[in-house]
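Derivation of every value follows stated rules applied to the coordinates shown; laboratory data play no part. Just so you know, these numbers come straight off a predicted model, no measurement behind them. Using ideal geometry, Cβ is built from the backbone for each residue, glycine included, and neighbour counts are taken over all protein chains shown.
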């Protein structure tokens, strides 16, 4: 299966660098405080975000989407691959994360980022990419389906945020 085209006008991808920490932190912390796209409950500090970027390398590097025509911060989204589970038998599986600035979404940036992550996972020899998405997250589920992921299960009431129980949709793409 192929993945959708990555071409988005004025937007390019590049590895994240520590100087991107504030832009990434701003996008991520907005999701922490206003949405269920992350189950984090505490915002990240600048130092924590800088460490997160510095610790990422190889297949697990973070990637940023840069809008060359943007006013303000040109970093409008980011994505990364992470270890799926600690046990050795899971070592050929990774989990993806994709976040796009809410004011700059619906332009294909998420597709561009996820496509890059899939290509990185494949080139790095991984066999499967997993996505764990808050079940009502229709846009994220649609993005992953567009990029070849299939729903493989629903974890019921495994998270609690904003005083409500949350389900997680588990999606998977084999490479």
Worksheet item: Rounded if a/c is under 1.5, else prolate if a/b beats b/c, else oblate: with a ≥ b ≥ c from the C-alpha gyration tensor eigenvalues square-rooted, which is the range 94-175?
Response: oblate
Worksheet item: Can you give the relative contact order of the range 11-127 as a percent, counting alpha carbon pairs under 8 Å and 6+ residues apart?
Response: 25 percent
Worksheet item: Order of 44-52, 77-85 by packing, highest average Cβ count within 10 Å first?
Response: 77-85, 44-52
Item to complete: Please compute the Cα-Cα pair-distance distribution of the range 11-127 with 10 Å bins starting at 0, giving whole percents from short to long.
Response: 14, 45, 35, 6, 0
Worksheet item: What is the mean projected area of the alpha carbon convex hull for the range 9-62, to one decimal in square nanometres?
Response: 4.6 nm²
Worksheet item: Fewest to most neighbouring Cβ within 10 Å: what's the order for 28, 90?
Response: 90, 28
Fill in: Ranked by how many other beta carbons lie within 10 Å on average, peptides 30-36, 19-25 from highest
19-25, 30-36
Worksheet item: Using the beta-carbon distance between residue 89 and residue 123 and R0 = 35 Å, what value does 1/(1 + (r/R0)^6) give for FRET efficiency, to the nearest 0.05?
Response: 0.95
Worksheet item: Going highest first, how would you order 113-126, 146-159 by mean Cβ packing within 10 Å?
Response: 113-126, 146-159
